[in-house]
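Working notes for the structure below.
Every read-out reported here was derived from the displayed coordinates using simple, explicitly stated rules and does not represent laboratory data. Please read all numbers here as calculations on a predicted model, not as lab measurements. A quick note on method: Cβ atoms are made from the backbone with ideal geometry, for glycine too, and the neighbour counts reach across all protein chains shown.
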Amino acid sequence: MTSHTTTWQLGDLTVHRIGFGAMRLTGDAPFDLGAPSDRARSVAVLRRAVELGVNHIDTAAFYFSSKRSANELINTALAPYPKDLVIATKVWPGRDPSGAWWWATPEQLRGQVEENLRQLGRDHLDVVNLRVPPSRGTGSIAEHFGALADLRTAGLIRHLGVSHATPAQLAEARAVAPVVCVQNPYGVGASDEEREFVRACGELGIAYVPFFAIAGAGRDSGARAADSEAVLAVARAHGASPAQVRLAWTLHQGPHVLAIPGTGDPDHLAENMAAGALRLTDEEMAYLTR
């Protein structure tokens, strides 16, 4: 189970296994149209992330607050982009200016892709994940994924992934076009079924990109769930933070598992990057997993 390789392939793109999630760049409550983040600090965090070796950034056009857009911050901070930088985004959900959510039809996905292209200042997107809505939990995604596959053929997208998808939906997507990654919630406390999906992706050579790996049950609201005694005990043993233990556990799940911890705080960024050097024993892994 344990793996200390530092890179993985998303199709023909090589990424470091610790990336960066852009959701929290726009504010502490990412989908709140209230107080925006400090713009200069968000730009500085992005630039520092790249300096520390991040070359995989996860974003979305619907990551915005009252005065901040994650995509626009990425463009400001990092353009002209380093040649090895891989920016992954996701479509299907959208938000109108009031913050209200809406879900695209297959025909509307091109507009969402073009919105990301404009905001990021790119002529193509490296990776686009089809983010499956809760209402489609076990339903077909073939029509929407087929629309993205057409945009890939047209040259607007380089590689495709799925997000919040089931094993059946992954199989359905792979019958339409190649899939380079699955982006699902996953972390300490994952079910046997979730761990089996991670293992199956590894056998297929597909990256598994957990989100909420640090936040756990706190999800969008952040790491508010109390850490388990197991996490706290392992953290004490290593002189590490609980967040670092959660990230290390995630990276130990297999060489194809990538992490995209998100933060708007420079100190948390440094802490997250350091988690890649944390080595957990087989006993600690078993303790955290049971």
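Bin by bin, in steps of 5 Å, what percent of the Cα pairs in segment 1-134 do you find, going until the bin that has the longest distance?
Once binned at 5 Å, the Cα pair distances of segment 1-134 give 2, 10, 20, 22, 20, 14, 8, 3, 1.
What fraction, in whole percent, of alpha-carbon pairs in segment 55-120 exceed 13 Å separation?
So the pairs more than 13 Å apart make up 64 percent of the total in segment 55-120.
Could you list CYS201, CYS181 so that the one with the fewest beta carbons within 10 Å of its beta carbon is first and the one with the most is last?
CYS201, CYS181
Once the convex hull of the C-alpha atoms of segment 134-290 is built, how many Å³ does it hold per residue, rounded to a whole number?
Hull volume normalised by residue count: 130 Å³.
I'd like the antiparallel share, as a percent to the nearest 5, of DSSP beta bridges with both residues in the chain.
So the antiparallel bridges in the chain amount to around 25 percent.
Sorted from fewest to most neighbouring beta carbons within 10 Å, what does the list ARG17, ARG152, ARG236 look like?
Fewest to most other Cβ atoms nearby, the residues stand as ARG236, ARG152, ARG17.
Quick check: from the Cα gyration tensor, does segment 40-90 come out rounded (a/c under 1.5), prolate or oblate?
It comes out oblate by the Cα gyration axes.
So for segment 1-77, what are the equivalent ellipsoid semi-axes in whole Å, largest first, each being the square root of 5 times an eigenvalue of the Cα gyration tensor?
Calculated on Cα positions only, the semi-axes equal 26, 13, 11 Å.
So what's segment 84-142 giving for Rg/Rh, alpha carbon basis, Kirkwood Rh from the mean inverse pair distance?
That ratio is 0.99, to two decimals.
Beyond 17 Å, what percent of the Cα pairs of segment 91-219 remain?
Pairs farther apart than 17 Å: 60 percent.
Can you compute the equivalent ellipsoid semi-axes for the chain, i.e. the square root of 5 times each eigenvalue of the Cα gyration tensor, sorted largest first and rounded to whole Å?
Values for the chain, descending: 28, 23, 18 Å.
Determine, for ARG48, ARG68, the number of other Cβ atoms within 10 Å of each Cβ, and report the residues in order from fewest to most.
ARG48, ARG68
So what's the back-of-envelope 222 nm ellipticity for the chain, counting only DSSP H runs of four-plus at -39500 (n - 2.57) apiece and dividing by all residues, rounded to 500?
Roughly -10500 deg cm²/dmol at 222 nm, from the helical runs in the chain.
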